[in-house]
1. Note down the relative contact order for the chain as a percent, whole number, built from C-alpha pairs under 8 angstrom at least six residues apart.
2. Could you calculate the FRET efficiency of Glu38 with Arg215 from 1/(1 + (r/R0)^6), where r is the beta carbon distance between them and R0 is 35 Å, rounded to 0.05?
3. Using the number of other C-beta atoms within 10 angstrom as an exposure proxy, rank Leu258, Leu45 with the fewest first.
4. Indicate the helices, whole DSSP H runs only, in the chain that combine a mean Kyte-Doolittle hydropathy of 0.0 or more with a Cα extent along their long axis of 18 angstrom or more.
5. Could you tell me the convex hull volume per residue, in Å³, taken over the Cα atoms of segment 118-231?
Amino acid sequence: MTSTIAAKATELRRLHEAPQVLQIINVWDVVSAKVASEVPGTAALATASHSIAASLGYEDGENIPVDLMIEAAGRIAASSNLPVSADLESGYGNPGETVRKAIGVGVVGANIEDQARPLPDAVAQMSAAVRAAESEGIDFVLNARTDVLLRGQGRERQDVLADAVERGRAFLEVGATNVFVPGLLDEADVSALVEGIGWNKVSVINVPGSLLPARLQELGVSRISYGPWTQRVALTAFADAVAGLLDGGNLPEGTRILN
């Protein structure tokens with residue numbers, strides 16, 4: 001393992017353990033990674049599996065071949081001096097091997113999702129990812145994701161949150177760095193998760209209508225990511241520009257050369 005990769009891993013771990021909430025910016029290719037890296041204040045990058053798959057013509061949900069996803073993550077990692085965490089979905093059937101492949105291309109952190117599997121199976125997934133990273137000898141960051149909230153339709157909210165807390169504690173016990181609970185969360189939800197899982201151990205996604213970063217930090221959240229929404233922002237601007245051009249307009253004022 002090169003000293004550069006090891007140093008990036010240690011920095012990513014430090015950012016997760018710092019009292020300041022980490023806003024990790026999701027990217028999907030080399031040019032988006034370069035642009036995000038050059039914005040003052042950007043401390044780390046994360047790939048978005050949905051965005052990478054979409055850019056290459058695949059549906060989300062491990063439909064893209066794992067080696068193609070790993071290659072894309074490696075190109076992103078090689079393009080930036082910042083540490084990069086990769087969205088590795090559910091581990092493509094072999095979380096340990098997938099994590100090893102990711103580390104091999106310069107990735108120093110990962111999301112692994114449980115897809116609301118039975119708890120013993122989910123814990124085994126996370127444990128395999130952690131053990132694989134330990135065998136590579138770096139301070140790898142596992143952002144262990146539970147999907148029980150996303151898949152909790154028809155259940156009482158308090159029961160779903162309790163399920164997320166139980167899973168989160170179990171994931172931390174086998175070595176996960178953080179517990180990622182995606183979904184639109186209000187203050188009561190976030191407070192319940194932080195109280196149950198731990199201060200500075202909960203990771204959330206920012207979606208339209210989410211709490212602001214400053215408030216999430218006050219509530220004890222460790223990490224905020226943006227998933228496919230950063231790509232959606234870019235594509236919305238692109239679609240609006242195309243519509244303006246076809247309507248007889250010019251390119252938007254203030255357009256910059258960023259690549």
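1. So the answer I get is 20 percent.
2. That gives a FRET efficiency of 0.80.
3. Ordered by Cβ neighbours within 10 Å, fewest first: Leu258, Leu45.
4. Taking the DSSP H segments of the chain (at least 18 Å long, mean hydropathy at least 0.0), we get 66-79, 119-136, 229-246.
5. Expressed per residue, the convex hull around the Cα atoms of segment 118-231 is 113 Å³.
Read-outs throughout are calculated quantities, based only on the coordinates presented, and are distinct from any laboratory measurement. From a predicted model like this one, the values you see are computed outputs, not experimental measurements. So basically every Cβ, Gly included, is an ideal-geometry build from the backbone, and we count neighbours across all protein chains shown.
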